[in-house]
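In what follows, a single structure is set out as structure tokens and then discussed.
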Amino acid sequence: MPSLEELAAKASACTRCRLAEGRTNVVFGTGDPAAELMLVGEGPGAEEDRRGLPFVGRSGQLLDRLLLEELGWTRERCYIANVTKCRPPNNRDPLPDEVEACSPYLEEQLAIVDPKVVVTLGNFAARLLLRTGEGVTRLRGRAYPFRRGVLVPTFHPAAALRGGGVIVAQMRADLVRAKAALAAPAPPQASPAGKAGARPDAGSGPSFDPIDARGTSRPEPGRLRG
Ligand code: SF4
């Protein structure tokens, strides 16, 4: 298995998809390489593209604040990455072939860091890692068996910046759910380490939830930016 540094070096020269054409920097990921908590967003925004780091704009500031207030953690204690490592032009959504081309990097990051808890931020990461077409509004409110622990879907902080207090409150509840999962024993149904995915039925079947199983019927917020 390569190290994160080796993988980052490989990604820095990657031209597997068209997003290579418009990028300033490849935004590979950052944080503790042995983190128990990994956060996965969508793709770099303008500030992230400029600086080569994930979640360093307004969304990142909100994420940092919520992590500190709900878990007492700074971002350095987590590992943070995105589904796509290069910025989609004009902040558009990443296209399916771009997600597919880039997903091996995320799978290798998951295998190397091997976090106990993964928090997905927005639709794209949750759909990719849970292998489902459901949106985050329906997926959130539960924790799903994933690798050696669980995956907790929540909104992207950009959606919280647009959507206001209700979305922020739901993100807080999801982070509390992640905190409980970090403290809980790993669920017996967890997939073997090294397999970067949830069980195939994880998006629709019974889920492991260390806290509760509240869902929501709130309408999907607008397009999510990562
Ligand atoms: S988005 Fe991913 S697959 Fe596409 S060029 Fe960038 S690193 Fe390579």
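Out of F55, F28, which single residue is on the phi > 0 side of the Ramachandran plot and modelled with pLDDT of 95 or more?
Being on the phi > 0 side of the Ramachandran plot and modelled with pLDDT of 95 or more holds for just one of F55, F28, which is F55.
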Flagged pairs (Cβ under 9 angstrom, 6 or more apart or on separate chains; first in segment 94-114, of a type in the set (S, T, N, Q); second within 12 Å of the ligand (Cβ to nearest atom) and not in a helix (DSSP H, G or I)) are S103/V83; S103/T84; Q109/F28; Q109/G29; Q109/A81
Subset of segment 1-20, residues more than 7 Å from the ligand (Cβ to nearest atom), under 12 Å from K85 (Cβ atoms) and of a type in the set (A, V, I, L, M, F, W, C), comes to L7, A8, A13
Within segment 130-147, the residues that are within 18 Å of A173 (Cα to Cα) and surrounded by fewer than 20 Cβ atoms within 10 Å (Cβ to Cβ) are G135, R138
The lone condition T30 fails out of (1) of a type in the set (S, T, N, Q); (2) away from the ligand (no atom under 16 Å from the Cβ); (3) closer than 18 Å to A9 by Cα is (2)
Original post:
Does T24 meet the test of being of a type in the set (V, I, T), within 11 Å of the ligand (Cβ to nearest atom) and surrounded by fewer than 16 Cβ atoms within 10 Å (Cβ to Cβ)?
Top reply: no
Those residues of segment 108-159 which are over 19 Å from V176 (Cα atoms), small (G, A, S) and under 10 Å from the mean Cα position of the chain (by Cα) amount to A125
When every residue in segment 81-129 that is buried (at least 23 other Cβ atoms within 10 Å of the Cβ) and charged (D, E, K, R) is compared, the one nearest to the ligand (Cβ to nearest atom) is K85
Taking segment 12-45 and keeping only residues that are among the small types (G, A, S) and more than 18 Å from the chain's Cα centre (by Cα), one is left with S12, A13, A20, G22
Here the qualifying pairs (Cβ atoms under 7 Å; residues six or more apart or on different chains; first in segment 1-20 and free of Cβ contacts under 8 Å to residues at least 24 places away in the same chain; second within 12 Å of the ligand (Cβ to nearest atom)) come out as A8/F28; S12/V26
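The values are calculated or read from the model by the stated rules, or taken from the named source; none is laboratory data. On a predicted model such as this, the values are computed, not experimentally measured, just so you know. Heads up, the Cβs are rebuilt from the backbone with ideal geometry, glycines too, and the neighbour counts pull from every protein chain shown.
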